[in-house]
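Written out below as structure tokens is the structure these notes cover.
The values are calculated or read from the model by the stated rules, or taken from the named source; none is laboratory data. Treat the numbers as computed from the prediction; the structure is a model and nothing was measured. Glycine gets a Cβ as well: all are built from the backbone with ideal geometry, and neighbour counts include every protein chain shown. SASA here: full protein model, heavy atoms, side chains in, ligands and nucleic acids out. Shrake-Rupley method; radii C 1.70, N 1.55, O 1.52, S 1.80 Å.
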Amino acid sequence: MSSIKDIQDEIVSEFEILGDDKESTIYFIMELGAGLEALPEVARVEDNIIKGCQSKVWLIAEEQDGKVHYMADSNTDITKGLISLLLRVLNNRAPEEILNAKLDFVERIGMGSIIGSQRSNGFASMIKQIKLFAFAIQSNQNV
Amino acid sequence: MNFDIEKIRSLFPLLHQEVHGKPLIYFDNAATTQKPQSVLDALTGYYNHDNSNIHRGAHALADRATRYFEETRETIKDFIHAREAAEIIFTKGTTESINLVASTFGRKFIGSGDEIIISTMEHHSNIVPWQMLCEEKGAILKIIPISESGEILFEEFEKLLSPKTKLVSIVHASNALGTINPVRKIIQAAHSLGAKVLLDGAQSTSHLEVDVQELDCDFLAFSAHKLYGPTGLGVLYGKREILEAMPPFHGGGEMIKEVTFEKTTYNEIPFKFEAGTPNIADVIAFKSSLDFINGLGKKAIKAHEDELLAYANEKMGEIKGFIPVGTAPEKVSVLSFNINGMHPYDVGMMLDANGIAVRTGHHCTQPLMKRLGLEGTVRASFAVYNSKLEIDSMADNVAKIARIKNK
């Protein structure tokens, strides 16, 4: 499995190809969302919704062989694309690795100007929730 | 079309810019309108030449600023055909105007078991103040249902009316759907049972000729920034006898006649409701907005905007997957819609990527969205400076976006 750094570099180079073309960038993000592993219908409940996002984002996590496996979905295609970017970097890793991850691709691709300030807040909430799950699983492992 | 769009557009500096490398198309006019140069000049002119506190200074500047300030009040009086300028109260906006009525008229005239009627299509600012009042007073909030097309069911409204009804507070034109409500009929029916009527004119005053005497409404609330004027400024019109009977809103300077530690007597209307130094600069600049609207004429504005709306309906109606939301026959220039299989946020963001500014979401009308079974809509709202060419561009882009899910 590639390192967190390598995957981030890969994402940055993909976005570099798109350049300043906002429309293509958004289409690209939407397409990424289509590749997201399907979230089981039973998990699409209020309790799994991330607080602080304008659109609905469901996120669940479970431990698999000491690693954190995430599944997510959203009612908007762009948000689905955004969470798929995060999971591409962080899914199926040890909790410690997730907690220590420095997600510099967010700034490097200029996410703030792509999605605007309101969605940026929601994006930050997704990162926070991903890390909270990792922390909870790590705490369980240490018991 | 008698409208010289290019000439009108030349008066609005903000419109001449690119967004994401595309020429800006501003279709979020129901949220706020852009400001003509004359309004911007009035704002800087005030600060450059006339700035001083009004109504009390014994010097030339204060006298001048006071005169300009009160001239705006006179202009508003004419704009809504009020009997006298004293019936025009300056507030921060429509929301504060409604809250003023809830806090003062409500405090004095609404009690336990009394009823307030609103409609399903109200903006949150015409729901929450009444909920707060009802909770405090033990009064009851009744809701007029609407049809699928987004129209008030008048017979249902008549059924809700009773001698217990103290106030009907209703939107004149819906911000989310554009529906123009039959407010004249509503006011007559409410008055026949002794209820007062507040009109939320936030969306109607920029598009329609609003005559408070002809309508006979008791209150009218609206905002300057939706009328090509400055933000942070609104108006509450009220009939003199009602305003006089109401207790003051905020306590402080300006609103008093005499203050002693034992007892304070209050100033006459409108000053009784205007505590503290008001928003002088924006009030003065607002006159330029009204002059701009009056210069074009409401009739011509309505004709232009009706034409734009009809054209938009026609062009967008050709798009596979286009779902109009709110199809009342009488509408202001608001086109709310969804695209089959797509979330309004995604549509809005893709339009933004093409320089087209629309509003997406619930438009501060969550109960209305719930009634219609929607999470939200995309809303394009047109103003005097919009053109058919811009609508063509939106339709082309929406068609492209819609194809993603509607092949």
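List of remarks:
- The stretch A:73-111, residues that are within 14 Å of chain B (Cβ to nearest Cβ) and surrounded by fewer than 22 Cβ atoms within 10 Å (Cβ to Cβ): A:Asn75, A:Gly110, A:Met111
- Selection of the stretch B:255-268 for residues being touching a residue at least 12 places away in the same chain (Cβ under 8 Å), within 14 Å of B:His55 (Cβ to Cβ) and open to solvent by 10 Å² or more (accessible area, probe 1.4 Å) yields B:Asn267, B:Glu268.
- Verdict on B:Glu96 being assigned by TED's automatic domain parsing to the domain that holds B:Leu208, under 21 Å from B:Ser206 (Cα atoms) and surrounded by fewer than 16 Cβ atoms within 10 Å (Cβ to Cβ): no
- Beta carbons closer than 8 Å, at least 6 apart along the sequence or on distinct chains, pair a first residue in the stretch A:105-116 that is under 19 Å from B:Asp346 (Cβ atoms) with a second that is at pLDDT below 90 for A:Met111/A:Ser120; A:Gly112/A:Ser120.
- Residues of the stretch B:19-71 classified as β-branched (Val, Ile, Thr) and in a helix (DSSP H, G or I), total: 3
- Matching residues, the stretch B:311-327, being under 22 Å from the mean Cα position of the chain (by Cα), open to solvent by less than 60 Å² (accessible area, probe 1.4 Å) and either on the phi < 0 side of the Ramachandran plot or among the hydrophobic types (A, V, I, L, M, F, W, C) (or both): B:Val325
- Only a single criterion out of (1) in contact (Cβ under 8 Å) with a residue 24 or more places away in the chain; (2) of a type in the set (Gly, Ala, Ser); (3) more than 13 Å from B:Asp28 (Cβ to Cβ) is not satisfied by B:Ala380, namely (3).
- Residue check for A:Ile115: out of contact with any His (no Cβ under 8 Å at 6 or more places or on another chain), open to solvent by less than 40 Å² (accessible area, probe 1.4 Å), within 25 Å of A:Asp21 (Cβ to Cβ) and at pLDDT below 90: yes
- Positions within the stretch B:275-302 being touching a Pro at 6+ places or on another chain (Cβ under 6 Å) and within 30 Å of B:Glu258 (Cβ to Cβ), in sequence order: B:Asp282
- Any hit, the stretch A:39-53, residues being in contact with a strand residue (DSSP E or B) (Cβ under 9 Å, 6 or more places away or on another chain) and part of a strand (DSSP E or B): yes
- Top-ranked residue of the stretch B:346-360 - restricted to ones that are closer than 12 Å to B:Gly376 by Cα and out of contact with any helix residue (DSSP H, G or I) (no Cβ under 7 Å at 6 or more places or on another chain), ranked as nearest to the other protein chains (Cβ to nearest Cβ): B:Gly348
- Qualifying residue in the stretch B:140-157 (condition: hydroxyl-bearing (Ser, Thr, Tyr), open to solvent by 40 Å² or more (accessible area, probe 1.4 Å) and without any contact (Cβ under 8 Å) to a residue 60 or more places away in the chain): no
- For B:Ala395, the criteria (1) away from chain A (no Cβ under 12 Å); (2) within 18 Å of the chain's Cα centre (by Cα) hold in every case but one, which is (2).
- If the condition is being of a type outside the set (A, V, I, L, M, F, W, C) and free of Cβ contacts under 8 Å to residues at least 40 places away in the same chain, then the stretch B:304-318 contributes B:Asp306, B:Asn313, B:Glu314, B:Gly317.
- Of all the criteria given as (1) more than 19 Å from the chain's Cα centre (by Cα); (2) surrounded by fewer than 21 Cβ atoms within 10 Å (Cβ to Cβ); (3) of a type outside the set (A, V, I, L, M), the one not satisfied by B:Glu330 is (1).
- Residue match in the stretch B:333-344 (condition: within 14 Å of chain A (Cβ to nearest Cβ) and on the phi > 0 side of the Ramachandran plot): yes
- Across the stretch B:337-354, the number of residues qualifying as over 22 Å from B:Asn313 (Cβ atoms) and not charged (D, E, K, R) comes to 4.
- Candidate set: the stretch B:352-367, residues that are closer than 20 Å to A:Lys56 by Cα and open to solvent by less than 20 Å² (accessible area, probe 1.4 Å); chosen: the one farthest from the chain's Cα centre (by Cα): B:Gly361
- Of all residues assigned to the stretch B:368-386, none qualifies as being outside any loop (DSSP other than H, G, I, E, B), within 12 Å of chain A (Cβ to nearest Cβ), open to solvent by 10 Å² or more (accessible area, probe 1.4 Å) and among the aliphatic types (A, V, I, L, M).
- Condition check for B:Leu351: in a helix (DSSP H, G or I), touching a residue at least 40 places away in the same chain (Cβ under 8 Å) and in contact with a Ser or Thr (Cβ under 8 Å, 6 or more places away or on another chain): no
- Just one residue in the set B:Leu61, B:Leu43, B:Leu11, B:Leu15 is open to solvent by less than 80 Å² (accessible area, probe 1.4 Å), in contact with a strand residue (DSSP E or B) (Cβ under 8 Å, 6 or more places away or on another chain) and not aromatic (Phe, Trp, Tyr); that residue is B:Leu15.
- Against the conditions (1) in contact with a helix residue (DSSP H, G or I) (Cβ under 8 Å, 6 or more places away or on another chain); (2) more than 14 Å from every other protein chain (Cβ to nearest Cβ), B:Gln17 satisfies every one except (1).
- Filtered residues of the stretch A:21-59 (kept if away from chain B (no Cβ under 14 Å), β-branched (Val, Ile, Thr) and either under 25 Å from B:Asn397 (Cβ atoms) or open to solvent by less than 40 Å² (accessible area, probe 1.4 Å) (or both)): A:Ile50
- All of (1) in a loop (DSSP other than H, G, I, E, B); (2) open to solvent by 70 Å² or more (accessible area, probe 1.4 Å); (3) aliphatic (A, V, I, L, M) hold for A:Ile17 with one exception: (1).
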